[in-house]
Amino acid sequence: MRVIFMGTPEFAVPVLDALVEAGHDVVAAYSQPPRAGGRRGKALTPSPVHARAEQLGIEVRTPLSFRKDPEALPALRALDADVAVVAAYGLILPQAVLDAPKQGCLNVHGSLLPRWRGAAPIQRAILAGDAETGVGIMQMEAGLDTGPVRLEERTPIDGKTAGELTAELSAMGARLMVTVLADLNGHPAVAQPEEGVTYAAKIDKAEARLDFTRSAVEVERQVRAFNPAPGAFFEFAGERFRVHAAEIVEAAGTPGVLLDEALTIACAEGAIRPTLVQRAGRGVMTSRELLNGLKIPEGTRL
């Protein structure tokens with residue numbers, strides 16, 4: 001099939017690779033424009049999809065908006081594509097874009113729709129304590145992730161971080177998309193249930209500050225949901241300490257207060273013990289390694 005691919009972050013790269021490996025003719029890759037990156041934020045860095053598409057010899061297009069750029073839509077229509085495959089693209093697609101490919105636009109969405117429509121379904125599922133999540137191949141329409149689903153697969157969340165779950169769902173979505181494209185008629189679009197709709201709002205970096213006024217169960221979810229980005233953290237003596245992993249401990253005390261020499265921190269219910277931490281400008285270390293070089297007195301409020 002003649003395929004237009006639309007995606008931006010690392011999550012979308014395995015989907016692009018799978019389309020190429022399956023023998024589809026990817027006629028163009030659309031991605032968010034390069035952003036400021038590198039040291040001091042001056043260098044423009046292409047997105048992971050942009051970089052991978054160039055490696056594959058695929059033309060890359062980076063319009064700022066299909067609504068504001070008068071040339072973007074005619075250029076897309078001129079590709080005469082059979083279908084557009086979308087994976088975490090990051091731009092709202094107007095109806096004219098959705099209608100341009102012969103078979104419309106198919107989206108790889110990282111949740112069990114209609115639960116967690118929106119920008120951050122993986123993180124929100126972890127934060128909410130969902131037992132499972134999954135991927136849906138959705139026929140896109142104008143609403144926010146409201147389109148009918150052609151194929152879905154589930155997976156338990158268990159103790160996975162957002163990074164681990166993202167990699168798993170990305171591979172799953174790539175496989176499902178190839179399956180659907182191989183037999184569109186065999187995977188009819190089924191309307192989403194009207195009940196159970198929730199929305200996955202974009203993650204605000206302020207949410208990554210560990211909130212010890214919550215239960216230890218909720219705080220541990222914060223650690224996993226914000227690993228690898230934006231990174232859960234607490235502060236001590238004006239310094240930010242990033243928490244990469246933590247365990248729940250049966251202990252009690254004033255929320256936010258250090259309970260012992262093992263970096264156990266009291267929460268509203270129970271306590272949390274960071275096991276992998278990182279100081280600014282340094283590598284990841286165990287809590288024991290941290291406390292060998294830094295004294296945080298018992299009773300300190302973090």
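The values are calculated or read from the model by the stated rules, or taken from the named source; none is laboratory data. What you are looking at is a predicted structure, and each value in this text was computed from that prediction instead of being measured. Ideal geometry is used to build each Cβ from the backbone, glycine not excepted, and the neighbour counts take in all protein chains shown. Heads up: the accessible areas ignore ligands, DNA and RNA and are worked out on the full protein's heavy atoms, side chains in. Shrake-Rupley method; radii C 1.70, N 1.55, O 1.52, S 1.80 Å.
Scanning the range 134-155 for residues that are over 8 Å from Ala189 (Cβ atoms) and basic (Lys, Arg) turns up just one, Arg154. Looking across Ala36, Ala29, Ala78, one residue alone is farther than 16 Å from Leu98 by Cβ, small (Gly, Ala, Ser) and touching a helix residue (DSSP H, G or I) at 6+ places or on another chain (Cβ under 8 Å). It is Ala29. Considering the range 155-204, and only residues there that are without any contact (Cβ under 8 Å) to a residue 24 or more places away in the chain and part of a helix (DSSP H, G or I), the residue that is nearest to Gln222 (Cα to Cα) turns out to be Glu164. Among the residues of the range 258-302, those that are out of contact with any Gly (no Cβ under 6 Å at 6 or more places or on another chain), open to solvent by less than 30 Å² (accessible area, probe 1.4 Å) and not in a loop (DSSP other than H, G, I, E, B) comprise Leu258, Ile265, Ala271, Ile272, Pro274, Val277, Ser287, Leu290, Leu291.
Working only within the range 233-265, note down all residues that are of a type in the set (Val, Ile, Thr) and in contact with a Lys or Arg (Cβ under 9 Å, 6 or more places away or on another chain). Passing the criteria: Ile248, Val249, Thr254, Val257, Thr264, Ile265. For the criterion of being surrounded by fewer than 22 Cβ atoms within 10 Å (Cβ to Cβ) and not assigned by the TED database to the domain that holds Ala12, Ala229 passes. The criterion of being at negative phi, open to solvent by 30 Å² or more (accessible area, probe 1.4 Å), out of contact with any Pro (no Cβ under 9 Å at 6 or more places or on another chain) and in contact (Cβ under 8 Å) with a residue 40 or more places away in the chain does not hold for Pro48.
In the range 63-151, counting only helices (runs of 4 or more DSSP H) that sit wholly within it, none holds 3 or more residues that are open to solvent by 30 Å² or more (accessible area, probe 1.4 Å) and among the hydroxyl-bearing types (Ser, Thr, Tyr). Any residue at all in the range 193-204 that's among the acidic types (Asp, Glu) and under 21 Å from Thr8 (Cβ atoms)? Yes, because at least one residue in the range 193-204 is among the acidic types (Asp, Glu) and under 21 Å from Thr8 (Cβ atoms).
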